[in-house]
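Remarks on the structure that follows.
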Amino acid sequence: MLINSILQYPLIWDLSQIIFGANKQKKELYRSLIKKKGALLDFGCADGNTFLAFKNFDYTGLDIDAKAIAHAEQKYVDFPNATFICDDVLKNNLPKESYDTILFAGTAHHLPDKDLFKITRALARLLKKNGCLYFVDPVKDTSRKSKLLSFLISLDQGKFHRDEKFYTKNLKKFSKDLKPKFTRTHFMTGTFMPQPTYYIAKFVKA
């Protein structure tokens, strides 16, 4: 699809997130969830478009997209507390129990089930004991009837949009070490374009 090819360019992707992706509201949401400062891993960070919500954290962004990571490193070169890593979390190259908090947001709908749960288990390995993982992803919501919203979702590159029921049913598959503390759905307001319903889950490492 042509639009997917265009969005591979970090500057264009950034612009799309500002106009269509509610980047401002996403940063506000993530920051409202994560209040405790410390070592934070932003999994699937793309080009670090949510970093500024955590500019006072010991921040590490992780993504497999080398072009996006290179762009993030250039964009935030003046922030010594920001580290960006291009790597595959499933290869276990990162030191275990290194992070107080992990943000896994806006990425799951790009992953098939078999990879989703492999990744959540790998992320659990990276969390310190009593550390928290926050999972956020857009979900199907049949109660939201908007042709524009349906069109915008159809343009998204993710092929694995799930519903709230799927995640609620499979919370235990995330990792035997991650204990769910709460789940809820979230509707973003004040956005330029309509946004999907978001599913949020907080896990604590036992």
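The values are calculated or read from the model by the stated rules, or taken from the named source; none is laboratory data. Since the structure is predicted, the reported quantities are computational estimates derived from the model, not experimental observations. In this analysis, Cβ positions are derived from the backbone assuming ideal geometry, glycine residues included, and neighbour counts consider all displayed protein chains.
Overview of results
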read-out	value
Enumeration of residues in the stretch 42-68 that are under 16 Å from LEU126 (Cα atoms), out of contact with any Gly (no Cβ under 8 Å at 6 or more places or on another chain) and in contact (Cβ under 8 Å) with a residue 40 or more places away in the chain	PHE43
Condition broken by LYS114, with the remaining ones in (1) part of a helix (DSSP H, G or I); (2) of a type outside the set (Val, Ile, Thr); (3) at pLDDT 70 or above; (4) surrounded by 12 or more Cβ atoms within 10 Å (Cβ to Cβ) satisfied	(4)
Residue match in the stretch 4-20 (condition: assigned to a helix (DSSP H, G or I) and modelled with pLDDT of 95 or more)	no
Qualifying residue in the stretch 40-58 (condition: hydroxyl-bearing (Ser, Thr, Tyr), closer than 22 Å to ASP88 by Cβ and part of a loop (DSSP other than H, G, I, E, B))	yes
Check on LEU127, buried (at least 16 other Cβ atoms within 10 Å of the Cβ), among the hydrophobic types (A, V, I, L, M, F, W, C) and over 25 Å from GLN25 (Cβ atoms)	yes
Residue that is nearest to the chain's Cα centre (by Cα), among those in the stretch 97-114 that are over 22 Å from PHE51 (Cα atoms) and touching a residue at least 24 places away in the same chain (Cβ under 8 Å)	LEU111
Per-region count, the stretch 91-107, residues modelled with pLDDT of 95 or more and either surrounded by 17 or more Cβ atoms within 10 Å (Cβ to Cβ) or touching a Cys at 6+ places or on another chain (Cβ under 6 Å) (or both)	7
The stretch 59-82, subset within 17 Å of the chain's Cα centre (by Cα), at pLDDT 95 or above and not hydrophobic (A, V, I, L, M, F, W, C), residue surrounded by the most Cβ atoms within 10 Å (Cβ to Cβ)	GLY61
Candidate set: the stretch 159-175, residues that are under 16 Å from the mean Cα position of the chain (by Cα) and not in a helix (DSSP H, G or I); chosen: the one farthest from LEU127 (Cα to Cα)	LYS159
Any chance PHE43 is at pLDDT 95 or above and touching a Lys or Arg at 6+ places or on another chain (Cβ under 6 Å)	no
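Matching residues to (1) among the aromatic types (Phe, Trp, Tyr); (2) in a helix (DSSP H, G or I); (3) out of contact with any strand residue (DSSP E or B) (no Cβ under 8 Å at 6 or more places or on another chain):
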residue	(1), (2), (3)
LEU62	no, no, no
ILE69	no, yes, no
ASP78	no, no, yes
ILE85	no, no, no
LEU90	no, yes, yes
PRO95	no, no, yes
ASP100	no, no, no
THR120	no, yes, no
ARG125	no, yes, yes
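Here's the yes/no breakdown for (1) of a type outside the set (Lys, Arg); (2) in contact with a helix residue (DSSP H, G or I) (Cβ under 8 Å, 6 or more places away or on another chain); (3) closer than 24 Å to TYR167 by Cα:
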site	(1), (2), (3)
LYS37	no, no, no
ASP58	yes, no, no
LYS75	no, no, no
VAL89	yes, yes, yes
ASN93	yes, no, no
ILE102	yes, yes, yes
THR107	yes, no, yes
ASP113	yes, no, yes
LYS118	no, yes, yes
